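In what follows, a single structure is set out as structure tokens and then discussed.
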């Protein structure tokens, strides 16, 4: 009994451990969920920002469409190909990406076509320059033509390559007062006619006289008829030399209206035949009888030609009409 009294009661202490709020891991999970949600939100914003207006309209219509209509069809179903009358717009034809991009595509296409046309014109000028060089080489290499070198003038104009065969005081191209060609003039025209077949360009031909009145004056046969007859005589010789007859689109007689030496109306050099190997724009204008070609916009043809003419292209034969390099 005394022993029981000496024993102390046993006390059991239970320590309840509570994790500290600042050192737990639950907040990390919440933060990770928040970051994931924000990433998803920004991804959604990026997708919406990169979506076309037509697609956005389609998405909006999709969420506006009642479930019953979407399942059974009818107004607002958005099915433009359904036999049942549907609603909404055909996005591919009216408000879709293709339609919205059309104005920009058309504008871009027009610029591309304009640039292609400009490049083609430059290439055309380069071909005419090459023809000019070939004719000059042919004149130098042919002894019978070389002595007439000073009577054959070549230059680039706004219409194309111009080849002028002019009279000299003691060496006329035609017999006096007639359209009968001298033998050496025929040789020159035959040589030029064969070389003109090297390019596909059309040819314009004009005859010119000096200001001396012809015979009966304006009442009868005049310089107008004489210049036209000489132009046609030259045309026949060009074709006789091998040039394709289809290349000629214009033959005119200009009398003394366009003098070569304006200060000296009676100068023999005013009597000449002028051939123009025409560029496309001049050719179209000639075939439309002088009608307006490409009147809207675009750069001047003179600027395109100047881009292609180098410093060795020669001095213009007639001031104000040829293009200086």
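All of the numbers you see were taken from the coordinates with simple rules; none came from a lab. The structure presented is a predicted model; accordingly, all values stated were derived computationally and were not measured. All Cβ positions, glycine included, derive from the backbone under ideal geometry; neighbour counts span all protein chains shown.
Just order 192-205, 163-176 by mean Cβ neighbour count inside 10 Å, highest at the front, would you?
Values: 192-205: 19.3, 163-176: 16.4.
Per-residue Cβ counts within 10 Å, averaged per peptide and sorted highest first, yield 192-205, 163-176.
Going by Cα centres, region 187-246 and region 247-282 are how many Å apart?
What the calculation gives is 10 Å, centre to centre.
For residue 284 and residue 63, FRET efficiency with R0 = 51 Å and r from the beta-carbon atoms, rounded to 0.05?
Details: r = 57 Å, r/R0 = 1.11.
FRET efficiency, residue 63 to residue 284: 0.35.
Which of the peptides 115-123, 31-39 is most tightly packed, and how do the rest follow, going by the mean number of other Cβ atoms within 10 Å of each residue? Let's see the in-between values first.
Working: 115-123: 13.1, 31-39: 10.0.
Descending mean neighbour count gives 115-123, 31-39.
Students often get this wrong: which residues of region 183-200 have the backbone nitrogen under 18 Å from the point 7 angstrom along Cα-to-C-beta of residue 141?
Taking a point 7 Å out along Cα→Cβ of residue 141, the residues of region 183-200 whose backbone N falls under 18 Å are 188-199.
Once you place label points 7 Å from the Cα toward the Cβ at residue 225 and residue 184, how far apart are they in nm?
Distance between the two pseudo-spin positions: 3.0 nm.
With the contact rule set at Cα under 8 Å and sequence spacing of 6 or more, what percent relative contact order holds for region 109-308? Display every interim value, and only then the final one.
Numbers: 325 pairs, mean separation 55.8, N = 200.
Reported as a whole number, the value is 28 percent.
Between residue 261 and residue 45, 0.36 nm times their residue separation minus their Cα-Cα distance comes to what?
Numbers: separation 216, 0.36 × 216 = 77.76 nm, distance 7.64 nm.
Computed gain between residue 261 and residue 45 is 70.1 nm.
Given the Cα-Cα distance of residue 13 and residue 52 and 0.36 nm per residue of separation, how much length would full extension add, in nm? Don't skip to the answer; put the middle values down first.
Details: separation 39, 0.36 × 39 = 14.04 nm, distance 7.09 nm.
Between residue 13 and residue 52, full extension yields an extra 7.0 nm.
Compute the distance in nm between two label points, each set 7 Å from the Cα along the Cα-to-Cβ direction, one at residue 236 and one at residue 119.
With each label placed 7 Å out from Cα toward Cβ, I get 4.7 nm.
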